[in-house]
Amino acid sequence: QKEVEQNSGPLSVPEGAIASLNCTYSDRGSQSFFWYRQYSGKSPELIMFIYSNGDKEDGRFTAQLNKASQYVSLLIRDSQPSDSATYLCAVRAKTDKLIFGTGTRLQVFP
Amino acid sequence: DAMVIQNPRYQVTQFGKPVTLSCSQTLNHNVMYWYQQKSSQAPKLLFHYYDKDFNNEADTPDNFQSRRPNTSFCFLDIRSPGLGDAAMYLCATSRELGRSSYNEQFFGPGTRLTVL
């Protein structure tokens, strides 16, 4: 079992729709969770982080964390073509190392 | 603007020819990281420095070395690049380690290494 798992996609959504990106992790002791956006050929850019169970909203982005289910998600409301990118989920392990998933490729079509 | 800078952005080297990649930061962060990312794969941590303390990942090949002469700069040395070392090399920083609110990692733009 991979430490951090994401569906590689592509996830295709129409412009204006809600994109839902999911991530599961294996280390029940993980405390910190991060979402990075990575455009093709570019470096990862931090979008959001979440530490507590529940929802955290920042503009069009909402991160959701369920520690009991070991599940973290990212919702993007009113998706735009400029949101088309790979979204990396990252989990801070007990060793303080950041473990990345392989990412989900999102395509937003006009 | 405070930032993480990597030079060069693109590096071409020959098989076996040593190469050095550079990272600098104006964030005054204590921790600097080097990751390797191959196409469609997750970033893979090679090592990190907490201040001057060097931490090597167990599976990082000996071919990869790092130096941090001061807070602002960190270098990645690849002593004898092989074809399998062609990748994007990402430098990242964080203010602290540990499970605090200051451990978000911020990435530089990356250096794409090509090995001929």
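The values are calculated or read from the model by the stated rules, or taken from the named source; none is laboratory data. The shown structure was predicted, so the numbers you read here are calculated from the model rather than taken from an experiment. A quick note on method: Cβ atoms are made from the backbone with ideal geometry, for glycine too, and the neighbour counts reach across all protein chains shown. These accessible areas exclude ligands, DNA and RNA; they are computed on the full protein's heavy atoms, side chains included. Shrake-Rupley method; radii C 1.70, N 1.55, O 1.52, S 1.80 Å.
When you go through (1) open to solvent by 20 Å² or more (accessible area, probe 1.4 Å); (2) out of contact with any Ser or Thr (no Cβ under 9 Å at 6 or more places or on another chain); (3) more than 24 Å from A:Lys42 (Cβ to Cβ) one by one for B:Gly84, which number turns out not to apply?
Every listed condition holds for B:Gly84 apart from (3).
Against the definition (under 20 Å from B:Gln11 (Cα atoms), open to solvent by 20 Å² or more (accessible area, probe 1.4 Å) and in contact (Cβ under 8 Å) with a residue 12 or more places away in the chain), how does B:Asn63 come out, yes or no?
yes
What single numbered condition from (1) part of a strand (DSSP E or B); (2) out of contact with any helix residue (DSSP H, G or I) (no Cβ under 7 Å at 6 or more places or on another chain) fails to hold for B:Ala58?
(1)
Please determine, by comparing only the residues of the range B:101-116 that are more than 9 Å from chain A (Cβ to nearest Cβ) and open to solvent by 10 Å² or more (accessible area, probe 1.4 Å), which one is modelled with the lowest pLDDT.
Taking the candidates together, the pick is B:Tyr102.
From the residues in the range A:90-101 that are touching a strand residue (DSSP E or B) at 6+ places or on another chain (Cβ under 8 Å) and of a type outside the set (D, E, K, R), which one is nearest to A:Leu46 (Cα to Cα)?
Among them, the one singled out is A:Ala90.
On the given criteria, is B:Asp77 in a strand (DSSP E or B) and open to solvent by 20 Å² or more (accessible area, probe 1.4 Å)?
yes
If you take the residues in the range A:83-103 that are of a type outside the set (Lys, Arg) and over 19 Å from B:Lys38 (Cβ atoms), which one is most open to solvent (accessible area, probe 1.4 Å)?
Ranking the candidates gives A:Thr95 first.
Checking A:Ser79 against (1) free of Cβ contacts under 8 Å to residues at least 24 places away in the same chain; (2) crowded, with 16+ Cβ neighbours inside 10 Å, only one condition comes out false. Which one?
Unmet for A:Ser79, out of (1) free of Cβ contacts under 8 Å to residues at least 24 places away in the same chain; (2) crowded, with 16+ Cβ neighbours inside 10 Å: (1).
Check whether at least one residue in the range A:51-70 is among the hydrophobic types (A, V, I, L, M, F, W, C), open to solvent by less than 20 Å² (accessible area, probe 1.4 Å) and under 28 Å from B:Thr111 (Cα atoms), and report yes or no.
Checking the range A:51-70: not a single residue is among the hydrophobic types (A, V, I, L, M, F, W, C), open to solvent by less than 20 Å² (accessible area, probe 1.4 Å) and under 28 Å from B:Thr111 (Cα atoms).
Considering each residue of the range A:1-37, count those that are open to solvent by 50 Å² or more (accessible area, probe 1.4 Å) and either small (Gly, Ala, Ser) or within 13 Å of chain B (Cβ to nearest Cβ) (or both), and give that number.
Of the residues in that region, 8 qualify.
Can you tell me which residue in the range B:12-55 is farthest from A:Val4 (Cα to Cα), limited to those that are within 14 Å of chain A (Cβ to nearest Cβ), open to solvent by 80 Å² or more (accessible area, probe 1.4 Å) and not charged (D, E, K, R)?
The extreme case among them is B:Ser39.
Which residue pairs have Cβ atoms under 9 Å apart, sit 6 or more places apart or on different chains, and have a first residue in the range A:56-72 that is on the phi > 0 side of the Ramachandran plot and a second that is outside any strand (DSSP E or B) and surrounded by 12 or more Cβ atoms within 10 Å (Cβ to Cβ)?
A:Gly59/A:Arg77; A:Gln70/A:Ser26; A:Gln70/A:Asp27; A:Gln70/A:Ser30
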